[in-house]
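The values are calculated or read from the model by the stated rules, or taken from the named source; none is laboratory data. Owing to the predicted nature of the structure, the values given are computational and were not obtained by experimental measurement. Backbone-built Cβ (ideal geometry, glycine too); neighbour counts: all protein chains shown.
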Amino acid sequence: MSRSALVDRPIDPAALIDEISSPGCGAVSLFLGTVRDTNEGEPVTGIDYTAYRAMAEAELAKIVDEAMRRFGGVAVVVEHRIGTLALGEISVAIVAAHAHRAAALDGVRYVIEELKRRVPIWKLEHYADGTRAWVDPTTAHRPRVSAYQ
Amino acid sequence: MSRSALVDRPIDPAALIDEISSPGCGAVSLFLGTVRDTNEGEPVTGIDYTAYRAMAEAELAKIVDEAMRRFGGVAVVVEHRIGTLALGEISVAIVAAHAHRAAALDGVRYVIEELKRRVPIWKLEHYADGTRAWVDPTTAHRPRVSAYQ
Amino acid sequence: MSVVIVQLFASYAELVGRTTITVPLTDGDRVSDLLRNLRSVPLASALPESPRVAVNHAFAAGSTRLHPGDEIALIPPVAGG
Amino acid sequence: MSVVIVQLFASYAELVGRTTITVPLTDGDRVSDLLRNLRSVPLASALPESPRVAVNHAFAAGSTRLHPGDEIALIPPVAGG
């Protein structure tokens with residue numbers, strides 16, 4: 001019932017909600033990450049997402065399994081997009097469904113927090129001034145490096 | 001930018017996500033409540049939602065305002081449906097958008113918890129055996145009463 | 001002494017068999033007085049002793065003073081979501 | 001002594017200018033040995049001293065023993081979501 005995947009096409013949140021909903025689930029929770037127009041005050045024009053694909057898929061599947069075991073068998077579907085995304089496009093969608101709201105809300109939160117900690121996906125931000133930089137959440141400010149083509 | 005409403009027609013989560021998303025928001029969080037097929041082990045066939053409409057609208061607007069002030073100006077849209085709903089239909093949708101995920105996740109959680117505590121909406125559950133009962137979350141088991149037509 | 005019309009909803013409306021109930025009230029009364037007077041109304045006998053009260057679309061404490069024209073309602077346990 | 005091919009991604013691949021790097025390794029070595037040997041590889045000089053290591057698609061502690069055929073990668077700070 002649960003599922004996780006890296007995808008190379010736009011993410012459709014409504015389709016994921018339909019996929020995970022079932023007659024026994026009174027609560028559905030969803031989180032979307034989207035490409036926003038600034039980061040640390042810097043105008044952003046787009047993001048390249050890359051992944052260590054085999055490991056990212058394995059780690060995502062583990063996280064979903066952990067969420068199911070921690071939160072009463074909550075059903076979870078996760079898709080993370082890889083490739084070049086424009087402003088406003090969805091990079092990640094997590095949907096959880098359960099009979100009760102606490103498990104659905106906790107499940108989504110667990111998956112996004114663990115995903116950000118453990119899943120080998122990286123983003124190269126494109127800035128309005130033509131430069132690019134790898135985002136490193138472990139440092140407050142990123143050194144601006146030349147683009148990795 | 002934020003908005004809350006009682007509605008008498010089906011709720012469209014994708015439209016609400018579009019409504020609340022903006023270029024500065026990298027995180028969108030959503031919660032859906034749906035009519036599920038059992039409650040406390042009892043097969044359910046549908047639910048009538050009724051409200052003290054003027055007060056429910058005022059209380060919802062207050063809750064949204066509180067969420068915005070508590071969680072960094074998070075943008076919130078809430079719709080709660082009133083009327084007779086079939087199994088699987090959406091009774092409530094809450095969507096929050098913010099630059100960062102914590103505010104979006106916290107905002108949605110705050111609104112659903114406060115809504116369940118303070119907004120004067122009631123549900124009359126219809127059971128498979130033809131009986132009906134007003135749901136009272138303050139008691140573990142509801143007395144089965146004759147239907148209020 | 002005058003009266004106020006109090007709105008009833010959901011299970012309370014069902015218990016009373018009506019969507020409003022008329023309760024005696026004196027000028028300067030508070031919500032706590034309204035609830036005490038409610039107990040003397042025969043139609044209200046099926047209602048709980050201390051229901052939550054809303055005045056002008058907001059929950060009101062027992063100490064809230066009532067004024068002519070206030071919109072008053074008894075609020076059964078809510079169950080939205 | 002033999003060698004292993006270690007995969008590089010994202011900023012690490014950019015820093016080295018390649019997507020793999022070859023590191024000397026002896027039978028029975030652990031992840032901590034791999035990281036020590038890495039420092040003797042000229043190409044790796046731009047990399048941080050102690051990057052996170054993945055073995056067979058899972059994060060691996062320094063004590064993890066390496067075996068022939070293991071898939072080894074250095075994992076820069078992740079930034080998914």
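Brief remarks follow.
- If you go through the range B:19-39 and keep only what is among the polar types (S, T, N, Q), farther than 16 Å from A:Ile94 by Cβ and surrounded by 22 or more Cβ atoms within 10 Å (Cβ to Cβ), you end up with just B:Thr34.
- For the range B:62-84, a residue qualifies if it is farther than 15 Å from B:Met1 by Cα and among the charged types (D, E, K, R), and the qualifying residues are B:Arg70, B:Arg81.
Quick grid of which residues meet (1) aliphatic (A, V, I, L, M); (2) touching a Pro at 6+ places or on another chain (Cβ under 9 Å):
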| site | (1), (2) |
| --- | --- |
| A:Leu32 | yes, yes |
| A:Gly41 | no, no |
| A:Phe71 | no, no |
| A:Gly88 | no, yes |
| A:Val95 | yes, yes |
| A:Tyr110 | no, no |
| A:Arg132 | no, no |
| A:Thr139 | no, yes |
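- So D:Val3, is it at pLDDT below 95 and either under 12 Å from the mean Cα position of the chain (by Cα) or of a type outside the set (Asp, Glu) (or both): yes
Residue by residue, here is whether (1) more than 11 Å from every other protein chain (Cβ to nearest Cβ); (2) more than 22 Å from A:Ala51 (Cα to Cα); (3) in contact with a strand residue (DSSP E or B) (Cβ under 7 Å, 6 or more places away or on another chain) holds:
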position	(1), (2), (3)
D:Ala13	no, no, no
D:Thr20	yes, no, yes
D:Arg30	yes, yes, yes
D:Ser45	yes, yes, no
D:Gly62	yes, yes, yes
D:Val78	no, no, yes
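- Among the residues making up the range B:12-43, those that are part of a strand (DSSP E or B) and of a type in the set (A, V, I, L, M, F, W, C) are B:Ala27, B:Val28, B:Leu30, B:Phe31, B:Leu32.
- On inspection, A:Ala97 fails the criterion of being modelled with pLDDT of 95 or more and either farther than 30 Å from B:Pro43 by Cα or surrounded by fewer than 23 Cβ atoms within 10 Å (Cβ to Cβ) (or both).
- Residues of the range C:29-51 that are under 19 Å from B:Ile121 (Cα atoms) and either surrounded by 15 or more Cβ atoms within 10 Å (Cβ to Cβ) or touching a Phe, Trp or Tyr at 6+ places or on another chain (Cβ under 6 Å) (or both): C:Leu47, C:Pro51.
- Matching option when the condition is within 11 Å of another protein chain (Cβ to nearest Cβ) and either among the charged types (D, E, K, R) or buried (at least 18 other Cβ atoms within 10 Å of the Cβ) (or both), among A:Glu114, A:Glu42, A:Glu66, A:Glu79: A:Glu114
- Looking only at residues in the range A:46-55 that are away from chain B (no Cβ under 11 Å) and assigned to a strand (DSSP E or B), the one that is surrounded by the fewest Cβ atoms within 10 Å (Cβ to Cβ) is A:Gly46.
- Of everything listed in (1) touching a helix residue (DSSP H, G or I) at 6+ places or on another chain (Cβ under 7 Å); (2) within 9 Å of chain D (Cβ to nearest Cβ); (3) not charged (D, E, K, R), the single unmet condition for A:Ala97 is (2).
- Listed by position, the strands (runs of 3 or more DSSP E) enclosed by the range A:56-140 that each have at least 1 residues that are within 15 Å of the chain's Cα centre (by Cα) and within 21 Å of A:Ala15 (Cα to Cα) are A:75-81, A:83-86, A:90-98.
- Failed criterion for B:Glu42 (all others in (1) without any contact (Cβ under 8 Å) to a residue 40 or more places away in the chain; (2) within 26 Å of A:Cys25 (Cα to Cα); (3) over 15 Å from the mean Cα position of the chain (by Cα) hold): (1)
- Residues of the range C:60-71 classified as more than 13 Å from C:Ser32 (Cα to Cα) and modelled with pLDDT of 95 or more, total: 2
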